[in-house]
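To start, the structure under review is shown below, and the notes come after it.
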Amino acid sequence: ETRSDILVSLYGAHLFHTNKEAVWHYVHRFGEWVPYEHRVVGRVDGRLVPIPVNIDTVNMLLGQDIRSVEEMEAWLENERAGADPNSQQSNSEEVGIARVGKRLFGKIFSEYTQKQWGVGAAELGPEVLSRIPVRPDWDDRYFPHDRFQALPAQGYTKWFEQLFDHPNIVVYTSTDYFTAKDTPLMRSQRFEKTFFTGQIDQFFRRKGVDLAPLQYRSIRFETTVTEGSSVAQPNGVVNYPQFRDGDFTRAIEYKHLFHQSSRKTVVVREFSMDVADGQEPFYPFP
């Protein structure tokens, strides 16, 4: 960010984590990495609580006094009121209630889902909330099971530049995949695999499949730069699950992510929305 000299990610927080030692050694071949274990808090009912849900989340939000994993598991079982989190649910509202009960679902997931997708959880398939973890302990790390967690010291762009710095690799930017694939140069090459990372429906339509366009969601980023050597929020990422705090889903302060020092700080708010003219599609509607 040119006004502050703080390294930011243009498309939000992206965290590297793996349990595979071979992958960990491989990524270090192309640049230095700084340790970073991702933690998220959410502003709920005016308080900052750990996300994903853990013992502290429940104690802080609902006035409980849970003191062990066993007590937490028993509390969750009671809150679920007979709903089985391992059974097949028909939509994401049912999934959320089966995981944490109606009270926590209403406080943390209901309005957040509306912000993120523009519809209620009952209108989304069960897969959307099925991947959200619930912790029966005090662990507030987002990826507690991965041994290796870090960020590239100079950012992902610099890391990829070094990754591609090889005489056998040619990089073309601002190039249409389908146009490039049909050039004589590309046709003369033999590839074991090619990878398309654009809009999946666009790929199949260009292949001749009669497929209606998918609905996509986009994100608007609102950046604020403020003076001061301290930080503006306690974590790199703060989620805002409730509309009472605004329409944005989360705020990211990049000083936390790369352990940076500056006389200024940068906070980026993210607003999810449907794709309109000129906006970049981020992910398809589930």
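A compact table of results
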quantity	calculated
Amide hydrogen neighbours beyond the local backbone of VAL53, cut-off 5 Å, H modeled	ARG135
Computed accessible area, HIS145, all protein chains, 1.4 angstrom probe, square angstrom	150
Other-chain or far-sequence residues with amide H under 5 Å of ARG250's (modelled H)	TYR240, GLU270
Region 159-286: relative contact order as a whole-number percent, Cα under 8 Å and 6+ apart	26
Accessible area per residue in Å² at 1.4 Å probe, computed on region 233-283	45
Residues whose placed amide H lies under 5 Å from that of ASP274, excluding near-sequence neighbours	SER218
The chain, relative contact order [Cα under 8 Å, separation at least 6], %	27
Cα centre as origin, Lys/Arg/Asp/Glu Cβ charges: region 191-284 dipole, Debye	240
Region 72-200, dipole about Cα centre (Lys/Arg Cβ +1, Asp/Glu Cβ -1), debye to the nearest 20	300
Mean accessible surface per residue for region 1-122, computed with a 1.4 Å probe while every protein chain stays in place, in Å²	52
Cβ-defined net charge surrounding ARG263, 10 Å radius [Lys, Arg +1; Asp, Glu -1]	-1
Two-decimal Rg to Rh for region 135-192 - Kirkwood Rh, Cα set	1.23
For the chain, convex hull volume per residue from C-alpha positions, Å³	185
Set of aspartates and glutamates with alpha-carbon distance to LYS115 below 12 Å, sequence-local pairs under 8 removed	ASP245, ASP247, GLU270, ASP274
Highest-MSF residue in the chain out of PRO241, PRO213, PRO52 [GNM, Cα springs under 10 Å]	PRO213
Dipole magnitude of the chain, debye to nearest 20 (Cβ charges: Lys/Arg +1, Asp/Glu -1, about Cα centre)	620
Cα Rg over Rh - region 108-211, Kirkwood	1.09
J(HN,Hα) series, region 60-70, from Karplus relation 6.51 cos²θ - 1.76 cosθ + 1.60, nearest Hz, glycine and proline x	6, 7, 10, x, 8, 9, 6, 10, 7, 4, 5
Cα-based Lys proximity count in region 129-286, under 28 Å, for pairs eight or more positions apart or on separate chains	8
Spin-label model distance (nm) - PHE164 vs SER87, 7 Å beyond Cα toward Cβ	5.1
Backbone HN-Hα couplings from phi across region 194-209 [Karplus 6.51/-1.76/1.60, Hz, Gly and Pro as x]	10, 10, 10, 10, x, 6, 5, 5, 4, 4, 6, 5, 5, 8, x, 7
For q = 0.18, 0.20, 0.23, 0.26 Å⁻¹, Debye-computed log10 I/I(0) when each Cα of region 203-286 counts as one equal scatterer	-0.84, -0.95, -1.10, -1.23
Gaussian network model of the chain, springs between alpha carbon atoms under 10 Å - residue of ALA150, ALA180, ALA83 with greatest fluctuation	ALA180
For the chain, with +1 on Lys and Arg beta carbons and -1 on Asp and Glu, the positive-most of PHE164, VAL23, SER110 along the dipole	PHE164
Mean projected area (nm²) of the alpha-carbon convex hull when region 152-236 is viewed from all directions	10.2
Largest-first ellipsoid semi-axes for region 42-182, taking √(5λ) over the Cα gyration tensor eigenvalues, angstrom	39, 21, 14
Most mobile listed residue (GLY228, GLY155, GLY236) in the chain, GNM with C-alpha springs under 10 Å	GLY228
Karplus-derived HN-Hα couplings along region 136-147 (A = 6.51, B = -1.76, C = 1.60, θ = phi - 60°), whole Hz, x at Gly and Pro	x, 10, 9, 5, 9, 6, 6, 10, x, 9, 9, 5
Net charge of Cβ neighbours under 14 Å - reference ASP137; Lys, Arg +1; Asp, Glu -1	-3
Antiparallel %, DSSP beta bridges [both residues in the chain], to 5	90
Exposure ranking of GLU93, GLU280, GLU79 by accessible area [1.4 Å probe, largest first]	GLU280, GLU93, GLU79
Percent carbon-and-sulfur accessible area, the chain, ignoring ligands, DNA and RNA, probe 1.4 Å	49
Three semi-axes of the equivalent ellipsoid, region 137-286, Cα gyration tensor, whole Å, largest first	36, 24, 16
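The values are calculated or read from the model by the stated rules, or taken from the named source; none is laboratory data. On a predicted model such as this, the values are computed, not experimentally measured, just so you know. As a convention, Cβ positions derive from the backbone with ideal geometry for all residues, glycine included, and neighbour counts pool all protein chains shown. Note: accessible area is taken over every heavy atom of the protein model, side chains too, but ligands, DNA and RNA are not part of it. Shrake-Rupley method; radii C 1.70, N 1.55, O 1.52, S 1.80 Å.
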